[in-house]
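Asker: Below is a structure I'd like to ask you about.
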Amino acid sequence: MPLCQVNGFLREYVLSKSVEENFLFVLEGTHAYQHYMKRMDQGGILLHLAIDKSWDRDKNVFEWIDFSRLRSLTVYGRWEPFFISYKMERLRVLDLEDVSSGLTNDDVENMVKVLPRLKFLSLRGCREITDLPAFLGDLKQLQTLDIRETSVIKLPKSIIKLEKLQYIRAGTAVILDNDTATTFRILPVVAEAASKSSTSATPMRRPRAVLGSCIPKLSTRSRLDDDSHNGIKVPRGIGRLSSLHTLGVVNISTAGEEGTLEQLKNLSLLHKLGVSGINQNNCVKLFSAISHLPHLESLSLQFQLNQDHEAAVYMVGLLSPRVKLRSLKLYGLIDKLPACIMQAWFQLHELRKLSLQMKILPQQELDSILSLRNLRSLHLRLADFQDGELRFGWGIAQSFGGWIIDFLEISCNSRLQALRFGSSIDVEILQIRCSSVSSSLKFFGLESMDSLKEVWFSGPYADDLKNHLQNELLDNVNKPIMYMQEPSS
């Protein structure tokens, strides 16, 4: 789900237009009842309701509200059991991604019983949820189930009854290498133009917009959506869900998952797949199944530690002419890319996005990535570096002709001493995330990038590094904007 930031004026405008057109009602503050009655007196119809964390959770007020035509409900902050009512029988969308506390397994059971017409159910981030009801299959209209960042580790058997289900999003983000792990607090960003006359801009606070699940969320929160995930177990018969467009992350690490892998072949409409627990015992059948998915565009693979060498040789299934990947994410690799990928980059001519989590990325492998001429986004999460440096465009023949990319993100640590870009390399947005920073870290080649617009640096930086980075950008004709972010305490 896309996230963006808005200022206070835009937030109020969107809210006012939503209310004016009977699109949305927000329960917030201490005068929610009066606002609701005013809305009804004006002939309003409650179709979409958002409960803000600022609302005082007055049960008596809630029970006065007419939910007979309510189509969507979004909750922010603390959950209360009375938020679900039998009067909500027409509810189609229930978005609880921003519930901070109070939601239990019993509450989810009640939802499934009371809301049979649900098409969209999001419990994302509700870590108190450990199980889904055995009768989840009674939600015959369900199309989207989002249980990412919950404590659910397996799907109930009844889910195979949901013939209209198109999206199953599950799994918990994990950090595969603690050496590159850090959490960043998103500060009011200070943009500093890379010119001698620049001064720090005054930060503008961007409050959260409470707009409900019926339109895209506007948020100041940052998520690292490329993190690898611990997956969930799926039941036998998952292949019956022939309408599935998105499935993942699925954990195949334990014995007995052979039937599941065979079932994947039946999901011919699958566009996006995420799999964890890949090892030498299951990778043959996994990649055989992948080769039978002609519409697959996005693939995320998490190898079990120290299994990448054994598993890589079987990845030939990725290169089936039927598979036209646009996004590929590989996690848990050590010091080399799968051999078949190295030998056949040219067959992945549709690839636009590549994410790699490795201990170290050898120069030869990095140079091979630069041969992906249609690549638009590259994410590297590395724990170590050859000679303490990461070099883009070094040792490439003049006939190469240059490498242009929209977005380059590098997650690193204090082992990175230098980041070098050759004259044939051009990046539009460069983002560096450091869990720790070397006092001698230097950047080279930024001044020659004709397309460079933004440089983001996240990490415990010193003034010397900040000044060095500003000086490197001074000579760039584009005058790129530099953003500095501090790690959270």
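Asker: Quick one: count up the residues across segment 445-467 that are assigned to a helix (DSSP H, G or I), exposed (fewer than 15 other Cβ atoms within 10 Å of the Cβ) and touching a strand residue (DSSP E or B) at 6+ places or on another chain (Cβ under 8 Å).
Answerer: The total comes to 1.
Asker: Just to check your reading of the model, which residue among Gly44, Gly29, Gly102 is modelled with pLDDT under 90, open to solvent by 20 Å² or more (accessible area, probe 1.4 Å) and farther than 19 Å from Tyr167 by Cβ?
Answerer: Gly29
So that you can scan it fast, the table gives a plain yes or no per residue for (1) within 20 Å of Leu452 (Cβ to Cβ); (2) outside the structural domain of Lys479 (by the TED database):
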| residue | (1), (2) |
| --- | --- |
| Leu356 | no, yes |
| Leu366 | yes, yes |
| Gly388 | no, yes |
| Trp403 | yes, no |
| Phe407 | yes, no |
| Cys434 | yes, no |
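Asker: Specify which of the listed residues (Gly422, Gly402, Gly393) is of a type in the set (Gly, Ala, Ser) and either in contact (Cβ under 8 Å) with a residue 60 or more places away in the chain or surrounded by fewer than 16 Cβ atoms within 10 Å (Cβ to Cβ) (or both).
Answerer: Of Gly422, Gly402, Gly393, the one residue that is of a type in the set (Gly, Ala, Ser) and either in contact (Cβ under 8 Å) with a residue 60 or more places away in the chain or surrounded by fewer than 16 Cβ atoms within 10 Å (Cβ to Cβ) (or both) is Gly402.
Asker: Quick one: in segment 214-262, of everything that is of a type in the set (Ser, Thr, Tyr) and open to solvent by 30 Å² or more (accessible area, probe 1.4 Å), which residue is modelled with the highest pLDDT?
Answerer: Among residues in segment 214-262 that are of a type in the set (Ser, Thr, Tyr) and open to solvent by 30 Å² or more (accessible area, probe 1.4 Å), the one modelled with the highest pLDDT is Ser243.
Asker: Quick one: how many residues across segment 55-74 are outside any loop (DSSP other than H, G, I, E, B) and of a type in the set (A, V, I, L, M, F, W, C)?
Answerer: Number satisfying all stated conditions: 4.
Asker: Check off (1) at pLDDT below 90; (2) over 23 Å from Ile252 (Cα atoms); (3) crowded, with 21+ Cβ neighbours inside 10 Å for Leu318 and give me the number that stays unchecked.
Answerer: (2)
Asker: Would you mention how many residues in segment 119-154 are assigned to a loop (DSSP other than H, G, I, E, B) and either closer than 21 Å to Gly102 by Cα or within 21 Å of the chain's Cα centre (by Cα) (or both)?
Answerer: Of the residues in segment 119-154, 19 are assigned to a loop (DSSP other than H, G, I, E, B) and either closer than 21 Å to Gly102 by Cα or within 21 Å of the chain's Cα centre (by Cα) (or both).
Asker: Further question: Looking only at segment 272-289, how many residues end up being outside any helix (DSSP H, G or I) and either open to solvent by 50 Å² or more (accessible area, probe 1.4 Å) or among the aromatic types (Phe, Trp, Tyr) (or both)?
Answerer: Total satisfying the criteria: 3.
Asker: Looking at (1) of a type in the set (D, E, K, R); (2) under 23 Å from Leu70 (Cα atoms); (3) not in a helix (DSSP H, G or I), which one does Asp107 not meet, given that it meets all the others?
Answerer: The one condition Asp107 does not meet is (3).
Asker: Take the residues in segment 468-488 that are free of Cβ contacts under 8 Å to residues at least 60 places away in the same chain and in a loop (DSSP other than H, G, I, E, B), then tell me which one is surrounded by the most Cβ atoms within 10 Å (Cβ to Cβ).
Answerer: Once the filter is applied, the top-ranked residue is Asn478.
Asker: Among the residues of segment 160-178, write down those that are modelled with pLDDT under 95 and in contact with a helix residue (DSSP H, G or I) (Cβ under 7 Å, 6 or more places away or on another chain).
Answerer: none
The values are calculated or read from the model by the stated rules, or taken from the named source; none is laboratory data. Since this is a predicted model, take the numbers as computed values, not measurements. Quick reminder, even Gly has a Cβ in these numbers, built from the backbone with ideal geometry, and neighbours come from all protein chains shown. The area values use the complete protein model at the heavy-atom level, side chains included, leaving out ligands, DNA and RNA. Shrake-Rupley method; radii C 1.70, N 1.55, O 1.52, S 1.80 Å.
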